[in-house]
Structures are given as structure tokens and as C-alpha cells.
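Input: a single structure, listed below in C-alpha cells.
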Amino acid sequence: MNAEIPDKVVGFNVYTQGTRLGTTGKVDTPEFKMKTSTMSGAGIGGDVDSPVPGQFESMEQEIDFNVLYSSAMDMLSPLSVVNLTLRAAQQVYDKTGGYAFKGLRVVEMGRVKTFNPGKVEKGEGMEAKVTLELTYLLVENDGSPLLEVDKLNGVYKVNGVDMLAGISELT
């Protein structure tokens with residue numbers, strides 16, 4: 001029986017190409033959506049949207065900045081891949097007493113899709129945004145891989161298990 005109850009993120013940082021990137025106080029991770037096709041026909045009581053294993057819709061990552069500076073601009077080159085790493089400390093309640101901390105790591109790779117330089121207002125943040133089109137996503141909890149998707153290399157793993165192994169064997 002697991003004696004830990006996941007609680008909250010107590011701190012995080014964002015890195016690009018190994019350099020710490022200053023952002024706003026939160027980063028919303030991308031929505032992960034499989035492509036589907038509609039299945040219907042004789043013996044089926046209506047339409048069923050059926051996921052296509054290994055095929056994913058667009059994954060966008062929006063990074064918000066308080067103000068504009070060089071590390072935000074470094075992401076704008078369409079000629080290079082942006083490599084982002086989010087590292088977080090997660091607090092877990094230990095039922096045997098006290099708290100423990102677990103690491104969360106999210107690695108994303110993609111290219112710039114949009115850039116919004118934000119606003120200029122005295123005494124306020126600019127609310128600048130860079131949006132990336134992701135081709136790679138890795139989520140690890142305390143060093144254990146939970147999810148890995150590499151659209152350009154045909155990788156789709158959940159909890160370290162290759163979800164495309166049965167397909168790869170047949171193609």
C-alpha cells in the first residue's frame with residue numbers, strides 16, 4: 001500500500017538549452033490529445049470516436065514572460081529547435097508522518113509558432129507570450145518516465161511501456 005498522498009508543487013524552474021529562463025509564476029503544460037476517427041456501423045449503437053494509437057493532434061506550449069529579454073528572443077529562431085525543461089519539487093504527504101518531496105521533470109522540444117510581445121504599461125508586467133509547436137514531450141516523476149511522445153521518431157510510451165510495439169512488429 002502506498003503511504004504517500006500527492007499534494008502540491010512547492011517550487012519550479014524553466015530551462016532552455018540548459019539556461020534558466022525567467023517566466024511568470026505558472027506554466028500550463030500542453031494538452032495531450034490523440035487523433036480519432038469515428039467508428040459506426042452494423043451492431044454498433046451509434047458513433048464512437050476511436051483513438052488512433054501513436055497519432056496525436058497538435059501540441060502547443062505557451063510560455064508567458066513578465067517582460068521581454070534575450071532568453072525569450074532566443075526561442076524565436078525558426079531555424080532551431082527549442083528545448084524546454086520544467087523542473088518542479090512536488091510535496092507529498094507521508095501517512096506515516098510528515099512530508100516528503102519528489103521531483104517532476106517535463107522535457108519539451110519544438111519550434112516557435114507565435115510570438116506576442118505583450119503590452120507596455122508603467123508599473124506592470126508586459127504579459128509577453130511565446131507559443132511553441134511541440135514534437136517531443138517527456139514527463140518524469142522522481143526519475144520514472146510516465147509519458148514519452150516523439151512525433152518525428154514514432155515513439156509513444158506510457159509508464160515506460162512501448163504503446164506501438166504491436167504495431168511496429170507488423171509494419
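Taking the mean number of other Cβ atoms within 10 Å as a proxy for protection, how do you rank 34-43, 54-63, 93-102 from highest to lowest?
Ranking, from highest mean packing down: 54-63, 93-102, 34-43.
Find, to one decimal place in angstroms, the Kirkwood hydrodynamic radius of the stretch 1-61, where the mean of 1/r is taken over every pair of different Cα atoms and then inverted.
16.4
Considering only protein heavy atoms, what per residue accessible area in square angstrom results for the chain with a 1.4 angstrom probe?
Per residue, the chain has an accessible area of 62 Å².
Report the Cα centroid-to-centroid distance between the stretch 86-122 and the stretch 1-79 in angstrom, as an integer.
Between the Cα centre of the stretch 86-122 and that of the stretch 1-79, the gap is 11 Å.
Report in % the part of the accessible area of the chain that belongs to carbon and sulfur, leaving out ligands and nucleic acids; probe 1.4 Å. The partial results should precede the final answer.
Numbers: 5560 of 10600 Å².
Using a 1.4 Å probe with all protein chains present, the chain comes out at 52 percent carbon and sulfur.
With no solvent and one equal point scatterer placed on each C-alpha of the stretch 72-133, evaluate the Debye formula and give log10 I(q)/I(0) for q = 0.13, 0.15, 0.17, 0.24 Å⁻¹, two decimals.
-0.58, -0.67, -0.74, -0.97
If you stretched the chain out fully between Asp49 and Asp150, how much longer would it get, using 0.36 nm times the residue separation minus the C-alpha to C-alpha distance?
Extra length from Asp49 to Asp150 when fully extended: 34.0 nm.
Which distance in nm do the two modelled labels at Thr19 and Ser37 give, with both placed 7 Å along the Cα-to-Cβ direction?
4.6
In the calculated pair distance distribution of the chain, what percentage of Cα-Cα distances lie above 29 Å?
37
From the Cα gyration tensor of the stretch 46-104, with a ≥ b ≥ c the square roots of its eigenvalues, which class applies: rounded if a/c is under 1.5, or else prolate if a/b is larger than b/c, or else oblate?
It is oblate, given that a/c is not under 1.5 and a/b is not larger than b/c.
I need the calculated FRET efficiency for the pair Tyr99 and Lys26, taking r as the beta carbon distance and R₀ as 22 Å, to the nearest 0.05.
Values: r = 22 Å, r/R0 = 0.99.
E between Tyr99 and Lys26, to the nearest 0.05, is 0.50.
If we count every other residue with Cβ under 15 angstrom of Asp94's Cβ, Lys/Arg +1 and Asp/Glu -1, where does the sum land?
Every neighbour counted, the sum reads 0.
Find how much the distance from Val9 to Asn116 grows on full extension, using 0.36 nm per residue of separation minus their present alpha carbon separation; answer in nm with one decimal.
Full extension from Val9 to Asn116 adds 35.8 nm.
Applying the Karplus parametrisation 6.51 cos²θ - 1.76 cosθ + 1.60 with θ = phi - 60° to the phi angles of the stretch 90-96, what ³J(HN,Hα) value in whole Hz is obtained for each residue in order, glycine and proline being reported as x?
So the Karplus estimates, Gly and Pro as x, are 9, 8, 10, 8, 8, 4, 7 Hz.
The values are calculated or read from the model by the stated rules, or taken from the named source; none is laboratory data. Just so it is clear, the model here is predicted, and its values are computed rather than measured. FYI the Cβ positions are ideal-geometry reconstructions off the backbone, even for glycines, and counts take in every protein chain you see. Surface areas here come from the heavy atoms of the whole protein model, side chains and all, with no ligands, DNA or RNA. Shrake-Rupley method; radii C 1.70, N 1.55, O 1.52, S 1.80 Å.
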